[in-house]
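Single-structure report; data block below.
The values are calculated or read from the model by the stated rules, or taken from the named source; none is laboratory data. Bear in mind that the values here come from a model prediction, so they are computed numbers and not experimental data. Reconstructed Cβ throughout: ideal geometry from the backbone, glycine too, with neighbour counts over all protein chains shown.
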Amino acid sequence: MARRIRALAVPMGLVLLICLSFGIPKPAGRVAAAASGQITGTVKLDGVAPKAKVIDMSKEPSCAKVHASTPATMENVVVGPAGGLANVVIYLSEGYTGSDAVATQPARLEQKGCQYVPHVIAVDVGQKLTITNDDQTSHNIHPMPKAGGNQEWNKSQLGGSAPIEVSYNAPEVAVPVKCNVHPWMHAYIAVVKGPYAVTDDSGAFKLDYVPPGTYTLTAWQETYGTQTAKVAVALGKPATVDFTFKAK
């Protein structure tokens, strides 16, 4: 018989002390400004999404085994059941003064089953990015930023070895990443300054801690390019912006 557990009232200060003592991570995010607003919205695809290309991993048996039940596919266009477009980076491209803090926790890019997870990741300028390899095979991570901005590098990483930690010093949307060992492995690192979001296949996004003001909001997608919208943010009154990309 299942035992019934009685709930206990625990002071908030004690909860915080317990979390710190046992190393429970705090949520990633920003330090809230004294007066900040919010932008919400959705990104949709209008039309029929292209059929996802199945990835042939037969030359890397350990990774092929990971995808034995569900074959891996390319992620250049990912659309949910309701038409939401995934992997779209939403950020403030104009009007932001950089008055709030950099995201407080490192971002994480993983290599699992010979794929980058997530396929698209956004980071603040100066935010730490941790890259891990959970596969049995080695990978060669090779971000390729535009000349004159962020530094290009190319590092090997054995399966299960120590994480690689990097950061970027200039905004760039987006830095393409490849693996020089496995040609199907691709990802993008969007380096931005200010609040950002990356959509899942619901297409929904939310930008918190946006200071009141007028901005250009940009939506970037690797296949369909960019769309922009002007948005005015007021304290205590969330702004809403929706984007729609046309299927090719």
Filter the range 113-131 down to residues that are under 15 Å from the mean Cα position of the chain (by Cα) and surrounded by 17 or more Cβ atoms within 10 Å (Cβ to Cβ), then give me how many there are. 13
If we ask which residues in the range 178-188 are surrounded by fewer than 21 Cβ atoms within 10 Å (Cβ to Cβ) and under 15 Å from the mean Cα position of the chain (by Cα), their number turns out to be 1
Among the residues of the range 149-164, are any in a loop (DSSP other than H, G, I, E, B), under 14 Å from the mean Cα position of the chain (by Cα) and of a type in the set (D, E, K, R)? no
I need the full set of residues from the range 189-202 which are among the hydroxyl-bearing types (Ser, Thr, Tyr) and surrounded by 23 or more Cβ atoms within 10 Å (Cβ to Cβ), in order please. Thr199
Residue that is surrounded by the most Cβ atoms within 10 Å (Cβ to Cβ) [pool: residues in the range 52-69 that are part of a loop (DSSP other than H, G, I, E, B) and more than 23 Å from the chain's Cα centre (by Cα)]: Met57
Could you please find all residues in the range 174-203 being hydrophobic (A, V, I, L, M, F, W, C) and part of a loop (DSSP other than H, G, I, E, B)? Val181, Trp184, Met185
Could you check the range 110-124 and list, in sequence order, the residues that are touching a strand residue (DSSP E or B) at 6+ places or on another chain (Cβ under 6 Å) and in contact (Cβ under 8 Å) with a residue 12 or more places away in the chain? Glu110, Gln111, Tyr116, His119, Val120, Ile121, Ala122, Val123
Just the residues that are at pLDDT 95 or above, more than 22 Å from Val120 (Cβ to Cβ) and either basic (Lys, Arg) or in contact with a helix residue (DSSP H, G or I) (Cβ under 8 Å, 6 or more places away or on another chain) (or both), please, taken from the range 185-240. Lys230
Counting only residues that are more than 18 Å from the chain's Cα centre (by Cα), surrounded by 14 or more Cβ atoms within 10 Å (Cβ to Cβ) and part of a loop (DSSP other than H, G, I, E, B), how many does the range 204-241 have? 4
Does at least one position in the range 97-107 carry a residue that is part of a strand (DSSP E or B), modelled with pLDDT of 95 or more and not assigned by TED's automatic domain parsing to the domain that holds Lys44? yes
Restricting attention to the range 120-142, the residues that are among the hydroxyl-bearing types (Ser, Thr, Tyr) and either farther than 19 Å from Met57 by Cβ or not in a loop (DSSP other than H, G, I, E, B) (or both) number exactly 2
Hey, among Gly236, Gly203, which residue is in contact with a strand residue (DSSP E or B) (Cβ under 6 Å, 6 or more places away or on another chain) and at positive phi? Gly203
Could you check the range 164-186 and list, in sequence order, the residues that are out of contact with any Leu (no Cβ under 6 Å at 6 or more places or on another chain) and among the hydrophobic types (A, V, I, L, M, F, W, C)? Ile164, Ala170, Val173, Ala174, Val175, Val177, Cys179, Val181, Trp184, Met185
Subset of the range 148-165 that is touching a residue at least 40 places away in the same chain (Cβ under 8 Å) and surrounded by 12 or more Cβ atoms within 10 Å (Cβ to Cβ) - its residue that is nearest to Glu110 (Cα to Cα): Gln157
Can you spot a residue in the range 115-122 that is at pLDDT below 95 and touching a helix residue (DSSP H, G or I) at 6+ places or on another chain (Cβ under 9 Å)? no
